[in-house]
Amino acid sequence: MLVEYSSNAVSAPVTSHAAKNSKSEIIPSSLTSKLLSVLDRTEYRLIDRGEDLEEIYALRYDAYRRSGMVHDSPSQTVSDELDDLPNCYRFGIYIDGELASTIRFHYLSKEHPYSTAMAFYSDILAPRLERGETFIDPGRFAADQELGRLYPVLPYISLRIPVMATWHFNATYCLSLIQEHHVAFYQRVFDSSPVTEPRQASGTVVCMAQLFQSSREENFGPTLERYPFFRSTVTERRMLFDRPSIGADAPLTVLPTARLLQSAA
């Protein structure tokens, strides 16, 4: 916090740790079926300019204002300097062509040591970056209120992005800055463990949050076994995360591949 059958790709690995967790509860097939049916109508878009960017910033504001995490703003948008960093990836998640949610992540490395988690936990993360660890730091998740009610599986669909990014970048850990009422979800789905005590996050968004982490090597294999809709092809991950060469355009939309892998299993 992923498996592929095509001529140009290799399956994301299921680690040996998965065998140790073979008794882990498998989620109901009804949830997988329901989620895959929504994924069939879902598109992921990497957003870096124009009206789409303003739309995801406005969605953030609407969601965070409802929850009291931001103050009134004349612009009615939420963005910060971290949005414009070279290691930042901003996504819109669209269902039937309508913006349903948005999420961003930073790929943290020794060369690019900037992200939301680093802003509040640099004392813990900076030494680990120096030792060669790398992290996916997701954040700024926001969902449309009406579509969130209509599609309760929207958090899973949105979190496929950092799951895929953790595999794509071969990150050591996927981080999560979690509010207390979301802790049980991340522990259940990703086997996330706390790194430190909660701290007050201030700035654009104000809340009390705790830093958690999930090991790619130890935890992600069992997560894929329990939640097969997190699986993805190498092609999907490359289309989402590889930066286009100079003069080339990034794909406008990327379709999820979990259904393909489920059918091939």
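The values are calculated or read from the model by the stated rules, or taken from the named source; none is laboratory data. Since the structure is predicted, the reported quantities are computational estimates derived from the model, not experimental observations. Virtual Cβ from ideal backbone geometry, glycine too; neighbours counted across all protein chains shown.
Of the listed requirements (1) of a type in the set (S, T, N, Q); (2) over 14 Å from the mean Cα position of the chain (by Cα); (3) modelled with pLDDT of 95 or more, Gln213 misses just one: (2). Residues that are among the charged types (D, E, K, R) and part of a helix (DSSP H, G or I) were ranked within the range 219-245; the one that is nearest to the chain's Cα centre (by Cα) is Arg237. Within the range 116-145, the set of residues being among the hydroxyl-bearing types (Ser, Thr, Tyr) and in a helix (DSSP H, G or I) comprises Thr116, Tyr121, Ser122. Of the residues making up the range 195-218, those that are part of a strand (DSSP E or B), surrounded by 13 or more Cβ atoms within 10 Å (Cβ to Cβ) and aliphatic (A, V, I, L, M) are Ala201, Ala209, Leu211.
For the range 37-60, a residue qualifies if it is of a type in the set (Asp, Glu) and either part of a loop (DSSP other than H, G, I, E, B) or touching a strand residue (DSSP E or B) at 6+ places or on another chain (Cβ under 8 Å) (or both), and the qualifying residues are Asp40, Glu43, Asp48, Asp52, Glu55. When residues in the range 62-79 are screened for being surrounded by 15 or more Cβ atoms within 10 Å (Cβ to Cβ) and either farther than 18 Å from Gln179 by Cα or under 19 Å from the mean Cα position of the chain (by Cα) (or both), 6 of them pass.
So, Ile47, is that one in contact with a Gly (Cβ under 6 Å, 6 or more places away or on another chain), among the aliphatic types (A, V, I, L, M) and modelled with pLDDT under 95 or not? Criteria met by Ile47. Do we find that Tyr94 is buried (at least 17 other Cβ atoms within 10 Å of the Cβ), over 25 Å from Asp242 (Cβ atoms) and not basic (Lys, Arg) in this structure? Judged against the criteria, Tyr94 is not a match. Out of the residues in the range 61-115 that are in contact with a strand residue (DSSP E or B) (Cβ under 6 Å, 6 or more places away or on another chain) and in a loop (DSSP other than H, G, I, E, B), state the one that is modelled with the lowest pLDDT. The qualifying residue modelled with the lowest pLDDT is Met69.
When the range 97-111 is filtered for residues that are surrounded by fewer than 20 Cβ atoms within 10 Å (Cβ to Cβ) and closer than 18 Å to Arg216 by Cβ, the ones remaining, listed by number, are Ser109, Lys110.
Residue pairs whose Cβ atoms lie under 7 Å apart, separated by 6 or more positions or on different chains, with the first residue in the range 54-83 and of a type in the set (S, T, N, Q) and the second in a helix (DSSP H, G or I) and modelled with pLDDT of 90 or more, are Ser73/Tyr61; Gln76/Ala58; Gln76/Tyr61; Thr77/Glu54; Thr77/Tyr57; Thr77/Ala58; Thr77/Tyr61; Ser79/Tyr57.
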